[in-house]
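Please treat every number below as a calculation from the coordinates, not as lab data. Not measured: the values here are computed from a predicted model. So basically every Cβ, Gly included, is an ideal-geometry build from the backbone, and we count neighbours across all protein chains shown.
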Amino acid sequence: MKNKLFAFSPVVTATDPAHWVDKYADHLYAFALNRLDDEELCRDLVQETFLAALERLNEFRGQSSERTWLTAILRFKVIDIYRKRNSSWLTCHPMQSEPEYFDPANGHWKDDWAPRSMEIDPVDPTLRKELAAILQKCLDRLPALWYSIFSMKHMDDMATEVICEEMKVSSANFWVIIHRAKVNLRACLQKEGQ
Amino acid sequence: MGRIKKIMYDCHRATYLIEKGQHVPLSPRERIALLIHLNACSVCRLFRRQSRLINRAMHGLFKASAAHTHSLDESIKREMQEKINDRLPK
C-alpha cells in the first residue's frame, strides 16, 4: 500500500544551499583546478558558481543531482575563461601555426609527423607525474573550442549529443575536432617528451 | 589510383576513423576501410595504440590528481558559505 502511494507522488528533489559548501566546494575546486592552473582564479570561480546557482534556484528541477547541476554551471565558467584566453575560439579550422600532419594530396602521414614509438604508459609514479604535466601543457595549447570538446568527452564522459548541443557544433564537426585534437595532442606529447 | 590503394594511403582518413570508432560504432563500410588500412600501415597501428593510451592517461592521471591533492581551506569555505547565507531568504 505504502509503495503504491510513493509511486504516484511526484519525485521532488530539494536543493539545500545551506550545505553546498560543505558538500561540494572541494569537488568543484578540484574540477576547476584540473582545468585551469590558477588557485586564486579557481577559488573565485567556485564562489561565483554558488552565487550563480542561487540566482537560478528555480531552474533546478531535481532531474540531475545537485552536484551535477553545480558542476555544469562551473564548467561554463571555465569555458568562458578559455574563450577569453584564446581568440581562435570560433575557428574549427586548424590554428594558423598548426602544421599539416598529412599530405593533402593523398592523406599520407608527412615524414616529420608520423608517429614514432614513445613511452606514454609509465608505471613509475614519478614518470606518470611528468607525463601528466606534459599532457596538461599540451592541452593548454589547444584552441579553446577543441580543448572544451575534447575534455568534455575524455575527462567528463559526456554524451556526444549533449556536447554538440552545449557547444553548438554539428556532429560532423564534432568528429573532426575530436580527431584533430588527438592528432595534435599526440604530436605535442612526442615533441615534448623527447 | 585504385580504391583499395587510395584507402591504403589515406592515413588522415584512417586516424579519423580510429578516433570516431573509439566512441561510436563505425558503419560496415568504414570498418572495412579501416581494417584494410591498418593491415597495411604499421604507423597507423602505432597511432591507434598511442591514442588509446592517451585516453587512459586523460582519465587516470586527472582522476588521480582530483582525488587527493586539492581542497580548500576551512576559513575560505566559511566565507563562501556566509556569502551564500547572506543571499538566502530569511
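Odds and ends about this structure:
- Computed over region A:15-85, relative contact order equals 39 percent, with contacts defined as Cα pairs under 8 Å that lie 6+ residues apart.
- Counting Lys and Arg as +1 and Asp and Glu as -1 over every other residue whose Cβ lies under 12 Å from the Cβ of residue A:133, the net charge comes to -1.
- The convex hull built on the alpha-carbon positions of chain B has an orientation-averaged projected area of 10.6 nm².
- Between the helical axis of B:28-40 and the longest alpha-carbon principal axis of chain B there is an angle of about 70 degrees.
- Selection of trypsin sites (Lys or Arg not before Pro), region A:146-194, meeting DSSP coil and at most 13 other Cβ within 10 Å: A:168
- Taken residue by residue and averaged, Cβ atoms of other chains lying within 10 Å of the Cβ of B:47-60 number 6.
- Whole-angstrom Cα spans of the protein assembly as shown along principal axes, big to small: 76, 49, 37
- Too-long pairs where the Cα-Cα distance tops 22 Å, listed order kept, from A:77/A:137; A:77/A:182; A:153/B:6: A:77/A:182; A:153/B:6
- For region A:89-192, the gyration tensor built on C-alpha atoms gives an oblate shape. Its axis ratio a/c (a ≥ b ≥ c) is at least 1.5, and a/b is not larger than b/c.
- Expected 222 nm ellipticity per residue - DSSP helices of 4 or more, -39500 (n - 2.57), all of the protein assembly as shown, to 500: -21500 deg cm²/dmol
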